[in-house]
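Heads up, the thing below is written out as C-alpha cells.
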Amino acid sequence: MNRSVYRWSSLILRKMAEEINKSEIRSSPSIIAKSRSLWPSVLRWIPTSTDHIIASEKRLLSLVKTLYVQELVNIGSGPPGSKVRWFRSSSNEPRFINTVTFDSKEGSPTLVMVHGYAASQGFFFKNFDYLANRFKVIAIDQLGWGGSSRPDFTCKSTEETEAWFIDSLEEWRKAKNLSNFILLGHSFGGYVAAKYALKHPEHVQHLILVGTAGLSSESDTTYEWVTRFRATWRGAILSHLWESNFTPQKIIRGLGPWGPDLVRKYTAARFTNRYSPEGVFTEEESRLLSDYVYHTSAAKASGELCLKYIFAFGAFNRALLNSASEWKVPTTFIYGAEDWMNYQGAQEAREQMKVPCEIIRVPQAGHFVFLENRDGFHSAVLYACRRFLSPNPDKEPFPEGLVSA
C-alpha cells in the first residue's frame with residue numbers, strides 16, 4: 001500500500017463525513033419516525049442491486065468481441081464435512097459463483113482467471129479477446145464479490161477466511177467438472193490461487209501469480225515506510241480503521257448517491273497511464289468500468305471483510321513466502337516494473353521452491369499490469385504457458401522488452 005492510497009483514504013473519509021453530516025441536517029424527524037416511508041429512502045440511498053451488478057457486467061463485456069456464456073454456478077451451501085457453512089447458518093440455501101466462459105478453439109488449454117481484492121472478473125475485460133485466441137478462458141467472481149453470492153461474512157480467523165475462498169473455489173471446480181487447468185490470480189486472487197494450489201495441486205497444471213499478495217519482504221522499503229507511518233497520528237487512525245475492518249467499500253456505501261461520482265473520479269485517477277499519451281481506457285471504457293466498479297463495490301459487504309484476517313496493516317503478508325518449500329505446481333510470477341507489490345519476495349520464495357519457477361517483470365506498468373501494459377502482460381502469459389502452447393517449448397525465445405528477474 002503506497003502513500004497515494006493513504007492520501008486518497010483520508011480524502012474520501014472527510015468527504016463521507018461531510019456528506020453524511022449534510023444528509024442528517026436535511027433529514028426530517030417526522031420522516032425518520034415513520035418506518036414505512038424510511039425503507040424506500042434507505043433503498044435509494046445506495047442505488048445498486050444484484051441485477052445492477054449483472055447488467056453493468058453485461059455492458060462492460062459488450063466491449064469484448066469474443067462470444068461468451070455467463071452462468072451462476074451452484075456451489076451448494078458449504079463444503080462437504082465442514083461444520084461451518086458459507087454463511088455460518090443452519091440454512092441449506094445454495095450459493096453461486098458468477099462465471100464467464102469464452103469461446104475457444106477445440107483442444108485449447110483451460111485458463112482460469114481469479115481477480116484481486118476490491119475487484120471482479122470484469123477487470124480483465126481488456127485481456128479476454130487476446131487470451132481467448134489461445135486458451136479456453138474462464139473468469140470467476142470469488143465468493144462474496146461481484147455477481148457471486150454474498151453470504152454474511154462471519155469468519156473469525158485466518159484459517160476460516162482462507163477456507164472460505166479456497167473451499168468455495170474447489171466446489172466451483174467440481175461443479176464445472178474441471179481438472180488440469182492453468183490458474184491465474186491477480187493480487188489477493190494470486191494469494192487465493194497459490195493457497196488453492198497448495199491444497200489441490202493435482203488439478204493445477206501451472207500457476208501464474210500476477211502482482212501477488214502474500215510475499216511481503218521485510219527488506220522492502222515500503223514496509224519500512226508503513227512502519228514509520230503507523231507511528232504518526234494519521235497512521236494510528238488508519239491502522240485502527242484497518243483493525244476494525246473498515247473497508248473502502250464502506251466509504252462508497254456511506255456516500256449513497258454520491259458514491260458513483262467518487263468511483264468515477266477514482267477510476268479516472270487510478271488508471272491514468274503516464275507511459276501512454278492515449279491513456280489506459282477510452283472514454284467509453286472508463287465510463288463502463290466505473291459503473292461496473294460502483295455496483296460491485298456498493299453491494300452487500302461480504303468477501304471484502306477478509307481484509308484484516310489475511311493482511312497486516314499495509315497489506316503485508318508472508319504466508320506464501322513461508323510455505324514456498326511446500327509448493328508442488330510450476331509457477332510463473334508476473335509483476336509490473338512499477339508494482340508496489342515488490343518482486344523481491346518472489347525471488348526469496350524461488351530460492352526455497354522445489355518446482356520450476358520464473359519471475360517476469362513487465363515495463364511501463366504497475367500493479368494492474370494487465371491493463372497498463374496489455375501487450376507485455378499477454379507476452380508474459382504466453383511465455384509462461386509455452387509448454388502447453390508450443391510444440392517446442394524449450395526453443396521459445398524470451399519475449400523482447402520483458403525482464404527476467
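A few comments on the model shown:
- Beta carbons closer than 9 Å, at least 6 apart along the sequence or on distinct chains, pair a first residue in the stretch 235-251 that is farther than 18 Å from Thr154 by Cα and touching a residue at least 60 places away in the same chain (Cβ under 8 Å) with a second that is crowded, with 16+ Cβ neighbours inside 10 Å and acidic (Asp, Glu) for Pro248/Glu304.
- Given (1) closer than 22 Å to Val329 by Cβ; (2) of a type in the set (A, V, I, L, M, F, W, C); (3) crowded, with 24+ Cβ neighbours inside 10 Å, index of the condition Phe124 fails: (3)
- Of the helices (runs of 4 or more DSSP H) lying entirely inside the stretch 287-379, those containing at least 1 residues that are over 19 Å from Met113 (Cα atoms) span 307-310, 319-322, 344-352.
- So Glu338, is it at pLDDT 90 or above and open to solvent by 10 Å² or more (accessible area, probe 1.4 Å): yes
Listed here are the residues, each with its yes/no results for (1) open to solvent by less than 30 Å² (accessible area, probe 1.4 Å); (2) out of contact with any Leu (no Cβ under 6 Å at 6 or more places or on another chain); (3) at pLDDT 95 or above; (4) closer than 20 Å to Phe368 by Cβ.
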site: Asn177; (1), (2), (3), (4): no, yes, yes, no
site: Asn180; (1), (2), (3), (4): no, yes, no, no
site: Ala193; (1), (2), (3), (4): yes, no, yes, yes
site: Lys199; (1), (2), (3), (4): no, yes, yes, no
site: Leu215; (1), (2), (3), (4): yes, no, no, yes
site: Thr227; (1), (2), (3), (4): no, yes, no, no
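- Test: residue in the stretch 291-298 that is farther than 30 Å from Cys357 by Cβ and either in contact with a Leu (Cβ under 8 Å, 6 or more places away or on another chain) or open to solvent by 30 Å² or more (accessible area, probe 1.4 Å) (or both): yes
- Restricted to the stretch 341-367, and to residues there that are open to solvent by 30 Å² or more (accessible area, probe 1.4 Å), within 22 Å of the chain's Cα centre (by Cα) and in contact (Cβ under 8 Å) with a residue 60 or more places away in the chain, the residue that is farthest from Gly189 (Cα to Cα) is Gln364.
The values are calculated or read from the model by the stated rules, or taken from the named source; none is laboratory data. It should be emphasised that the depicted structure is a prediction, and the values quoted were computed from it without experimental measurement. Cβ: placed from backbone, ideal geometry, glycine included. Neighbour counts: every protein chain shown. Please note that ligands, DNA and RNA were not included when accessible areas were found on the heavy atoms of the full protein model with its side chains. Shrake-Rupley method; radii C 1.70, N 1.55, O 1.52, S 1.80 Å.
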